[in-house]
Amino acid sequence: MTHTTKVLAIVTNYGVEQDELLVPVRHLRENGTQVDIAAPDRDDIRTLVNDKDPGEIVRPTHTLGEIEPSGYDLLLIPGGTINADTLRLRQEAVALVLAFTTSGRPVAAICHGPWMLAEAGVAYGKRLTSYPSLRTDLANAGATWADESLVTDDANGWRLITSRNPGDLDDFLRGIDSALSARTGATA
């Protein structure tokens, strides 16, 4: 029996950066990966472009509270200032981050998404990148911040893939693809 690769994206219902959610979701689905999108409730997800302009509307596949994280190969945390700042206040979202990291499964976070790592207490000892305004927050959480389009770190028993902004999406997707092939190759 073959392993179906599954990715979970976690977002709020308002404020996620459109391309940081939709570009990876479409890329992964086009390559045969099952992608679920979980939000606090079943209302439409209203994406934004550059944190201000209305973007596409997306339907969540699950609520954050419905997710059984053990069935997923990778956690995707898109950015958007409003999305990331609101999401880190949701205990069920923090619990999902902890479920992935404590079980050694990869997490991919872009732009403001790495705020979730600080909130969950799992940034310590990691080398990563993010939107530049998070640099001090992540350093205070024990991470080493780098101004690079893609930073991958395997410290502490789990792989972290991070990028700075939508301009880094090509590199971010390569990092995600690499993490998934390493994971599914090991479990196939």
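Where a number appears in this text, it was derived from the coordinates with a stated rule and is not lab data. Everything quoted here is computed from the prediction, not taken from an experiment. Cβ coordinates were reconstructed from backbone atoms using ideal geometry, including for glycine residues, and neighbour counts include every protein chain displayed.
Table for the structure above
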item	result
For the chain: relative contact order, % (alpha-carbon pairs under 8 angstrom, 6 or more apart)	20
The chain, helix-only ellipticity at 222 nm - DSSP H runs n ≥ 4, -39,500 (n - 2.57), divided by all residues, nearest 500	-10000 deg cm²/dmol
Estimated vicinal HN-Hα couplings, Hz - segment 73-90 in sequence order (Karplus 6.51, -1.76, 1.60; Gly, Pro = x)	8, 7, 9, 10, 10, x, x, x, 4, 5, 4, 5, 5, 6, 4, 5, 8, 8
Interchain or long-range residues, amide H under 5 Å from residue 49's placed H	18, 55
For 7, 107, order by how many other beta-carbon atoms lie within 10 Å, fewest first	7, 107
Interchain or long-range residues, amide H under 5 Å from residue 80's placed H	17, 112, 113
Mean Cα-pair separation over length for segment 115-159, i.e. relative contact order, pairs under 8 Å, 6 or more apart, %	40
Nitroxide proxy distance, nm - points 7 Å out along Cα→Cβ at residue 91 and residue 3	3.3
Stretchable slack from residue 51 to residue 26, in nm (0.36 nm times residue separation minus alpha-carbon distance)	6.9 nm
Hz values of 3J(HN,Hα) by residue in segment 136-149 - Karplus curve (6.51, -1.76, 1.60), Gly and Pro given as x	5, 4, 6, 5, 5, 8, x, 8, 9, 8, 10, 8, 9, 5
